[in-house]
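Q: Sharing a structure here in structure tokens format.
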Amino acid sequence: MLDKTYDAASVEPRIYNDWEKAGAFKAGVGAAPGSDPYCIVIPPPNVTGSLHMGHALNNTLQDILVRFERMRGRDVLWQAGTDHAGIATQMVVERQLADKGEKRRDLGREAFLERVWDWKAESGGTIIGQLKRLGASCDWSRERFTMDEGLSEAVLDVFVQLYKEGLIYKDKRLVNWDPVFQTAISDLEVETREVDGSMWEFAYPLVDGPVDGITEMVIATTRPETMLGDGAVAVHPSDERYKNLIGKMVRLPIAERHIPIIADEYPDPEFGTGAVKITGAHDFNDFEVARRNNIPLIPLMDTEARMVSTPDNSVPKHYHGLDRYDARELILKEIQELGFYRGKEDKIIAQPFGDRSNVVIEPMLTDQWYVNAAELAKPAIASVREGRTNFVPKNWEKTYFDWMENIQPWCISRQLWWGHRIPAWYGPDGTVFVEKTEDEARSAAQEHYGKDVDLDRDEDVLDTWFSSALWPFSTLGWPAETPELKRYYQTDVLITGFDIIFFWVARMMMMGLHFMKEEPFHTVYIHALVRDEKGAKMSKSKGNVIDPLDLIDDYSADALRFTLAAMAAQGRDIRLAKDRVEGYRNFGTKLWNAARFTQINGCERRKDFDPDATKLPLNRWVLTELSKAQADITRELESYRFNEAAGAAYRFIWNIFCDWYLELAKPVFNADDETEKRETQETAAFVLEQILVLLHPFMPFITEELWERLDADRRAHNGFLMHGSWQTLDFADDEAAQDLNWLVELVTAVRSVRAEMNVPAGARTNLVLVGASAKDEDRLQRYQPFLARLARVDDANIAETAPQASAQVILGTLTVCLPLEGVIDLDAERNRLLKEREKCDGEIGKLEKKLANENFLQKAPEDVVAEQRTRLEEEQEKRARISVSLDRLT
RNA sequence: GGGCGUAUAGCUCAGCGGGAGAGCACUUCGUUGACAUCGAAGGGGUCACUGGUUCAAUCCCAGUUACGCCCACCA
């Protein structure tokens, strides 16, 4: 016998353990012979991270699909693994060092990396354990890590090949520099924020005296400290004010250099003074202007954004070592003292920040490695354009195209230690040799120099996303031609959030197409962001983070999963409210109790149960409904409408099976007719079993537990429910459906009247049907016991006219009368009927107007017109009956 | 400055070219042994605003307002 209450906290870990011990998640386990492969690669979480709500949603959706397809007999691989997360992980370990007063540079590269590996060993299992709590059925035996030997091999292969194809190159240009981590970062890792700032105006005097009465050029800047590195002052060629100044020199105060006035399209004559200082080494726009005009670039800062000396002595000695913001203050002070200060305007400015470090990014002139992304993007754009890979929902394709079509070179080198070290070696003269191993580089160098030389390896590592980009094939064994690679690539669907379309999805598309000649997946499902109840993004600093593990502890993983699925409507963010989780926890309890009820009533599954052999309309009706639910849920899951699928399951289980079927089954279970009783027991058991199947992808734990607990043989003979077979019955009995709908409506009507008339709950009443057809009479007779139980009706009869003092309700062509002599409040009943009739009048008015409209009759489809006619007749009929009832009351 | 999205019950959200829905909350009633983590019955909405298309608009189109997000170099 099932326990009186379901204890998720003890059941869930136990069930998961059983699955894992049995190797139930392994690729292909439970698959039908000869079945098609189905593969999802997990978006690898940071190896040292922990589960947040985004992971919970992301992995719930994947698990639903994976379990669904597994139950459909597909050969399923959910490829698991974690990401080394370069900056994020290094940051954590550096912080740990800082707590102990240590610095990574003091430690040295090797010792530091050891610490990181230690940290990985210590915390690397955390998130995997948390995914298991959630119920994720990944093939853990194939778990990969981006810095595994095999995956590192793939990274080297890709780097070397792209280099040799000319798609990776080294370049000296401006990059986004993070002065805290002291590394370059890519455009994507920069977050532009609007902050309070100021714009100052400085004057640069003309060296050779006034021209057209102008003695100085006034420039505006939000970054005074960079003025020391100015290489020119630019004006627009069409700007009449400065026409005769082009080519003249101005004196740069403090730096005490002479720089030219140049003409360039970049300055906007309408903005400020129309003259722009050009600081090619510290501003992206200026860099382009400087390049076009051969203006020298003068880097002013070191890797921590402190002022340094320059070859041309632009930076006076007393600035050396100053932080850029201290330098700013000093510049402002000195410019004022020198009399070149021309004013200040406070304004909001857009400022770049490192998305991890939260410090202001400094454009810096450095040597970095780049991927020619524009070239790789071409086939990736075409794939989506031509429908070989589809986004769901489709509108994300626009975002993808916009970015891919304007894609910039991808800076892939990072001045970090934790990551894949770039396979490039330099000879004594700086010649670079890119090879997979030092030996190969050495022989290449030998060939180049004609002798053996010492090589220095590039110090830098690769952007984390470089290895993630290979994930769909590197995890399957590439570059080796493994059976798994052959079988599971192309994978099926990628499930991820929109925030990493650029970081990851786009790059997987590029790499997958380039190296595998085939898209990594045919579908990209983009899910929402999980927000808090008020719609704010969850963040630690706001303190509004809901920990999925807390919800699991409080309500069960099943409840959390069902909530996330039920709220995962396409194209909308999820605002997670705890009551929803609580509600779905209750849903689990409801299912548990329903199962317990069937068990108490001896509902045992018959192995050869044949739905077609059932006789009772009650059973044939629930089988019809089951069949509909199966078809609905299957269809919705196939089209990634998780919320619809969850809703269909919920409604069938609670509103059909529990509320009506089991209630209606009660009298059958208590009746003497053994045949009917047995058929109903068997049907109930069958439907419940199918419910467990339908619900399993959403609520894997409670369903698996019930599956086993309801029938001890199952585990022994059929294995796990998770390998059970998903079915679509294709059963329909319209006659039975009409029968039961009639009964449900009648019961509902009676209950409604009773409640409105304040009939005491325990009181029993009689029922009189007026206007009953032969069919109604037959049904009334057959369903008498159900009426007795569900509507507390003792005696049900047919009559020509309604009895005196009865409450009446119109149901189609029937008038349902409850004789309530002594109980009924005549005034209340009259008011109720009047209100009812008013409603009818409103409807009739609307319908009549519509049907009087010639245009409607001519242009609307026939069936719509017919439907409106029918509705009008029904309403009129109903109104007439209400009037009759009213007459009898007076 | 561009792009995307959202506005429907008190709250969180579905839905949809032809009769406004769910869950939670609320009100009333209920311990007939599956379930009070429950059951029954109710109240509650100019479907943001303004126009247009249509026989018909909450739904399609345009605009407005509000909010959110993404992208972007105005010094």
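Q: Taking A:A559 as the residue in question, decide whether it is crowded, with 21+ Cβ neighbours inside 10 Å and small (G, A, S).
A: Here the answer is yes, as A:A559 does meet what is asked.
Q: Please give the number of the condition A:A880 fails out of (1) surrounded by fewer than 17 Cβ atoms within 10 Å (Cβ to Cβ); (2) at pLDDT below 85; (3) under 55 Å from the mean Cα position of the chain (by Cα).
A: That leaves (2) as the condition not met.
Q: Now, a different point. Just one of the numbered conditions (1) within 26 Å of A:N643 (Cα to Cα); (2) open to solvent by 10 Å² or more (accessible area, probe 1.4 Å); (3) within 27 Å of the chain's Cα centre (by Cα); (4) not acidic (D, E) is not true of A:G28; which one?
A: (1)
Q: Another one. Residue under question is A:K537, and the condition is that it be touching a strand residue (DSSP E or B) at 6+ places or on another chain (Cβ under 9 Å) and at pLDDT below 90; does it hold?
A: Considered against the rule, which asks whether it is touching a strand residue (DSSP E or B) at 6+ places or on another chain (Cβ under 9 Å) and at pLDDT below 90, A:K537 comes out as yes.
Q: Only one of A:I219, A:I259 is of a type outside the set (D, E, K, R), within 11 Å of RNA strand B (Cβ to nearest atom) and outside any loop (DSSP other than H, G, I, E, B). Can you tell me which?
A: Answer to the selection: A:I219.
Q: Another question, then. Any chance you could count how many residues in the range A:608-665 are within 19 Å of A:K677 (Cβ to Cβ), of a type in the set (S, T, Y) and in a loop (DSSP other than H, G, I, E, B)?
A: So the answer is 1.
Q: Pick from A:G280, A:G272: which is assigned to a loop (DSSP other than H, G, I, E, B), within 16 Å of RNA strand B (Cβ to nearest atom) and open to solvent by less than 10 Å² (accessible area, probe 1.4 Å)?
A: A:G280
Q: So, in the range A:738-763, of the ones that are of a type in the set (D, E) and closer than 22 Å to A:K835 by Cβ, which residue ends up farthest from RNA strand B (Cβ to nearest atom)?
A: For the range A:738-763, the residue satisfying everything is A:E745.
Q: Quick one: which residue in A:N831, A:N766 is within 14 Å of RNA strand B (Cβ to nearest atom) and not β-branched (V, I, T)?
A: Only one candidate passes the filter, namely A:N831.
Q: Taking the condition open to solvent by 20 Å² or more (accessible area, probe 1.4 Å), within 16 Å of RNA strand B (Cβ to nearest atom), modelled with pLDDT of 90 or more and not hydroxyl-bearing (S, T, Y), does A:R328 pass?
A: Criteria met by A:R328.
This table checks each residue for (1) within 15 Å of RNA strand B (Cβ to nearest atom); (2) closer than 26 Å to A:D558 by Cβ; (3) of a type outside the set (K, R); (4) open to solvent by 30 Å² or more (accessible area, probe 1.4 Å).
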| position | (1), (2), (3), (4) |
| --- | --- |
| A:L626 | no, yes, yes, no |
| A:Q630 | no, yes, yes, no |
| A:F642 | yes, yes, yes, no |
| A:A648 | yes, yes, yes, no |
| A:R651 | yes, yes, no, yes |
| A:A665 | yes, yes, yes, no |
| A:V668 | yes, no, yes, no |
| A:D673 | no, no, yes, yes |
| A:E676 | no, no, yes, yes |
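Q: Regarding A:C603, is this residue of a type outside the set (S, T, Y), in a loop (DSSP other than H, G, I, E, B), open to solvent by less than 30 Å² (accessible area, probe 1.4 Å) and at pLDDT below 95?
A: So A:C603 passes the test.
Q: Restricting attention to the range A:170-207, report how many residues are more than 11 Å from RNA strand B (Cβ to nearest atom), exposed (fewer than 15 other Cβ atoms within 10 Å of the Cβ) and more than 23 Å from A:V289 (Cβ to Cβ).
A: Count: 1.
Q: Quick check on the range A:222-244: of everything there that is in contact with a Lys or Arg (Cβ under 7 Å, 6 or more places away or on another chain) and among the charged types (D, E, K, R), which residue is farthest from A:N293 (Cα to Cα)?
A: Filtering first and then ranking leaves A:E225.
Q: Would the range A:415-433 turn up any residue that is in a loop (DSSP other than H, G, I, E, B) and aromatic (F, W, Y)?
A: yes
Q: Return a yes/no flag: does the range A:692-710 have any residue that is of a type in the set (F, W, Y), within 13 Å of RNA strand B (Cβ to nearest atom), buried (at least 23 other Cβ atoms within 10 Å of the Cβ) and part of a helix (DSSP H, G or I).
A: Within the range A:692-710, none of the residues are of a type in the set (F, W, Y), within 13 Å of RNA strand B (Cβ to nearest atom), buried (at least 23 other Cβ atoms within 10 Å of the Cβ) and part of a helix (DSSP H, G or I).
Q: Got a number for residues in the range A:773-830 being surrounded by fewer than 16 Cβ atoms within 10 Å (Cβ to Cβ), in a helix (DSSP H, G or I) and under 52 Å from the mean Cα position of the chain (by Cα)?
A: The total comes to 3.
Q: Would you please name the residue that is farthest from A:R324 (Cα to Cα), looking only at residues in the range A:283-296 that are of a type outside the set (A, V, I, L, M, F, W, C) and in a loop (DSSP other than H, G, I, E, B)?
A: A:N294
The values are calculated or read from the model by the stated rules, or taken from the named source; none is laboratory data. Everything quoted here is computed from the prediction, not taken from an experiment. No Cβ is skipped: glycine too gets one built from the backbone with ideal geometry, and neighbour counts run over all protein chains shown. Side chains are part of the model used for accessible areas, which takes the heavy atoms of the whole protein and leaves out ligands, DNA and RNA. Shrake-Rupley method; radii C 1.70, N 1.55, O 1.52, S 1.80 Å.
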